Structures are given as structure tokens and as C-alpha cells.
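Engineer: Pasting a structure here, questions to come.
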Amino acid sequence: MTDAITIENLTKSFHGRPVLQDLNLSVPRGSIFGFIGPNGAGKTTTIRLLLGLLKPDAGKITILGQDLRTHSIALRRRIGYVSEQASFYPWMQVDELVKFNAGFFPTWEREKTAHLLKIFHLDPTARVKELSRGMLTQLSLIMALSHHPELLILDEPTAGLDPVWRRRFLQLLSEETAGGETTVFLSSQILTDIERIADRLAIIVNGQIRVVRTLDKLKHHEKIIRVVFQQAAPETLLNTPGIRSIERQGHGYLLTVEDHFDEIYEALSRTPHFALEIIEQDLEEIFLNYAASEEDPHNA
């Protein structure tokens, strides 16, 4: 089965400033894929390229097995999209907006729309201009899901939701992908949301993908090891591939490991030492390590 999204050597610049540089990425079908990075890393630009709202300077995008350049109109009917800033006609009632949008999608299911409106307690007769930011986000998700998209692209979708509705929002996403028919591509600065529902993720920094892994493998390999050697630190060991950064701490070292954790820990345990400790990291700490290493090139 082909991937839901395949990006090959994607490049995009604005006014001579590179935003994406030879970006390569594959998103498996049926997955909830997290896409995270600091502000200005290129997340929203990537999403706008995936939606066909921007044209790349170079590279190729394949969505659901079709070239985006030649099948952009047909693909839009197979994609749902929710952004941080929902934009609807303010004078319309919710039910009028539903009828308007339904005409563009042959697969639209009105019963699903009615079910989702009940879940979010949205009044079908309310006018869009009367809805709060959180309600607009809920309405955006309803619009995106009602036509049974094969790919759901979300750009900071939960930013306007309170914690209760944010959790309900995420639960609904998990339910939608349970059958493996819908792929979710989720970009968010709220890393606890990514950690809660994503099964795979990519970290983008300065327009380049730094790592792509399942969440379980990311947490397994991305650890910090504190070690105090009995003798001088063996240079060959400290230069082992997979160690991203080394910080001197008194007589010991803090090693930030990004790969080959098992091999590195085993080698350290065979070296005479006074202390050897594994420090687990959550997704936020892992993410900050990647962002910091790019900001300070001498930290690697």
C-alpha cells in the first residue's frame, strides 16, 4: 500500500530566504502523524504546499498515490483540513454552512454532520459570527470529517480549545483513525497532544527534517546518560555515532543520545565508572534538545 503522503526533495524560498531545504518525508496510511518544530521551522509552509495553496520551487509531492501537481482538484475532495484560524462566511447559520459545503463533496454524510454537531453541542441555527473561537474550531473539524476524508491535515487545531474540549477533540481523532481508513497529519505546538495520540512523528528545524520515528522508538533511543568515569574519558567512546551532544558536569558527563542507545549504554557499562545513570525524557525535552542543537552549532 502506498503512503498517504510522500515528499521528495521539497524546496521553498520566500524573497530569497530558504524556508524548506530538500525536504523528504513519508507518512504511512492509517497513522496519526505528528509534525512538530519551533516557530519559523517550516511547518505551515509544508502544510500549505500539501494543500496546493503554494507551489514548490523544486521537489515532488504525492498524496494518496497521486501527484499533487496533476491531480490537485480531485485530491481536495479526499482531504479534510482544519487550521488554527477558522474562516467561514459570518452571516451564515451553521446548518446553511453545512448545506453549502456538502455540495462540493460527493461523499458528504449529513447523518455524520448531525452526530458531530450533537457531540460538540453546536446549535445548527446559530450564526457563524456568534460562535466563539473554540466553537469555530469544532465546526471546522465537523466540516472536515463529514465527507469521510482519506487524509486529514490539521494545523494547530486545538489552540483555541479549553482542556476539556481539547481532550474530546483528540479522542474524536483517535476514533476516526481506529479503522485505518483515515490518515491524520497533525502539526501542533501543544506537545502533550502529539504525545497523547500520535503513533509516529517528525521533527523539523530550520526547514530540514531532523528525525522521523515512531513515538515509542523516539523515547527509547532519545535519552540522557550521566556517567562518571574512573579514569580519563575514552575519546573513542564519546565520539560514538548516536551521541548528539556532550556536556561536562563536574567530574562527569551528560551524554544526549539520539540513536543506538542500547549499544552506547552497553559500551559505557563495560568501561570502569563510578556512576552510570539513565535520565528518561518526555517529548518536550527531546524536542527542546533538537531545537537547541540547531541554535548552537557548537553544542553537537
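Rule-based calculations on the coordinates, nothing more; no lab input. Here the structure is a predicted model, which means the values were calculated and not measured. Glycine also receives a Cβ, built like all others from the backbone with ideal geometry; neighbour counts cover every protein chain displayed.
Engineer: Stokes-Einstein at 10 °C, 1.306 mPa s, Kirkwood radius from Cα pairs: D for the range 223-280 in µm² s⁻¹? Show your work: numbers first, answer last.
Structural biologist: Values: Rh = 11.1 Å.
Rounded to a whole number, D works out at 143 µm²/s.
Engineer: By average Cβ neighbour count within 10 Å, what is the ranking of 132-143, 88-99 from highest down? Before the final figure, lay out the partial values.
Structural biologist: Working: 132-143: 20.5, 88-99: 15.2.
So the order, starting with the most tightly packed, is 132-143, 88-99.
Engineer: Would you mind checking the range 200-220 for residues with the amide N under 16 Å from a putative spin-label position 7 Å along Cα→C-beta of THR240?
Structural biologist: Hits in the range 200-220 for THR240 at 16 Å: 220.
Engineer: While we're looking at this one, here's another question. Once amide H atoms are built 1.01 Å from N in the peptide plane, which residues 5 or more positions from PHE185, or in another chain, come under 5 Å H to H?
Structural biologist: PHE33, LEU152, ILE153, LEU154
Engineer: Using the Karplus equation 6.51 cos²θ - 1.76 cosθ + 1.60 (θ = phi - 60°), what ³J(HN,Hα) coupling, rounded to whole Hz, does each residue of the range 185-195 give in order, writing x for Gly and Pro?
Structural biologist: 10, 10, 9, 7, 8, 8, 5, 5, 5, 4, 5
Engineer: If the elastic network links every pair of Cα atoms under 10 Å, which of GLU235, GLU130, GLU156 fluctuates the most in the Gaussian network model of the chain?
Structural biologist: Looking only at GLU235, GLU130, GLU156, the biggest GNM fluctuation is shown by GLU235.
Engineer: For ILE5, enumerate residues with amide H under 5 Å from its amide H, sequence gap 5+ or separate chain, H modeled in the peptide plane.
Structural biologist: The answer is VAL27, LEU64.
Engineer: From the phi of every residue in the range 222-228, what ³J(HN,Hα) in whole Hz does the Karplus formula 6.51 cos²θ - 1.76 cosθ + 1.60 yield, where θ is phi - 60° and glycine or proline is x?
Structural biologist: 8, 9, 10, 10, 9, 9, 10
Engineer: Do you know the relative contact order of the range 5-217, to the nearest whole percent, from alpha carbon pairs under 8 angstrom that are 6+ apart? Walk me through the numbers before you get to the answer.
Structural biologist: Numbers: 385 pairs, mean separation 66.9, N = 213.
Relative contact order of the range 5-217: 31 percent.
Engineer: I'd like the distance separating the alpha-carbon centroids of the range 1-45 and the range 268-292, in whole Å.
Structural biologist: 28 Å
Engineer: Would you mind checking the pairs LYS12/LYS43; LYS60/LYS217; LYS60/LYS219; LYS12/LYS219 and listing those with alpha carbons more than 20 angstrom apart? All intermediate terms of the calculation are to be shown ahead of the outcome.
Structural biologist: Working: LYS12/LYS43 12 Å; LYS60/LYS217 28 Å; LYS60/LYS219 31 Å; LYS12/LYS219 31 Å.
LYS60/LYS217; LYS60/LYS219; LYS12/LYS219, as the Cα separations exceed 20 Å there.
Engineer: Let me ask something additional. Over the chain, one equal point on each Cα, no solvent: what is log10 I(q)/I(0) by the Debye formula at q = 0.07, 0.08, 0.09, 0.12 Å⁻¹?
Structural biologist: -0.34, -0.43, -0.53, -0.84
Engineer: May I ask you to compute the full-extension gain from LEU172 to HIS251, defined as 0.36 nm times their residue separation minus their alpha-carbon distance, rounded to one decimal in nm?
Structural biologist: Details: separation 79, 0.36 × 79 = 28.44 nm, distance 5.02 nm.
Value of the extension gain: 23.4 nm.
Engineer: With +1 assigned to the C-beta of every Lys and Arg and -1 to the C-beta of every Asp and Glu, and no other charges, what is the dipole magnitude of the range 5-217 about the Cα centre in debye, to the nearest 20? Intermediate results must be reported in sequence, preceding the final value.
Structural biologist: Values: 26 positive and 22 negative charges, 75 e Å.
Using Cβ point charges on Lys, Arg, Asp and Glu, the range 5-217 gives about 360 debye.
Engineer: HN-Hα J couplings of the range 148-163 from phi, Karplus 6.51/-1.76/1.60, θ = phi - 60°, integer Hz, Gly and Pro as x?
Structural biologist: Values, residue by residue: 6, x, 7, 9, 10, 9, 10, 10, 6, x, 9, 4, x, 9, 6, x Hz.
Engineer: Now, a different point. What Kirkwood hydrodynamic radius do you get for the range 122-207 when you take the inverse of the mean 1/r over all pairs of distinct Cα atoms, in Å?
Structural biologist: Numbers: mean 1/r = 0.0715 Å⁻¹.
Kirkwood radius, the range 122-207: 14.0 Å.
Engineer: Taking the alpha-carbon distance from LYS112 and a cut-off under 19 Å, which lysines remain once sequence neighbours fewer than 8 residues away in the same chain are dropped?
Structural biologist: Reachable lysines: LYS99.
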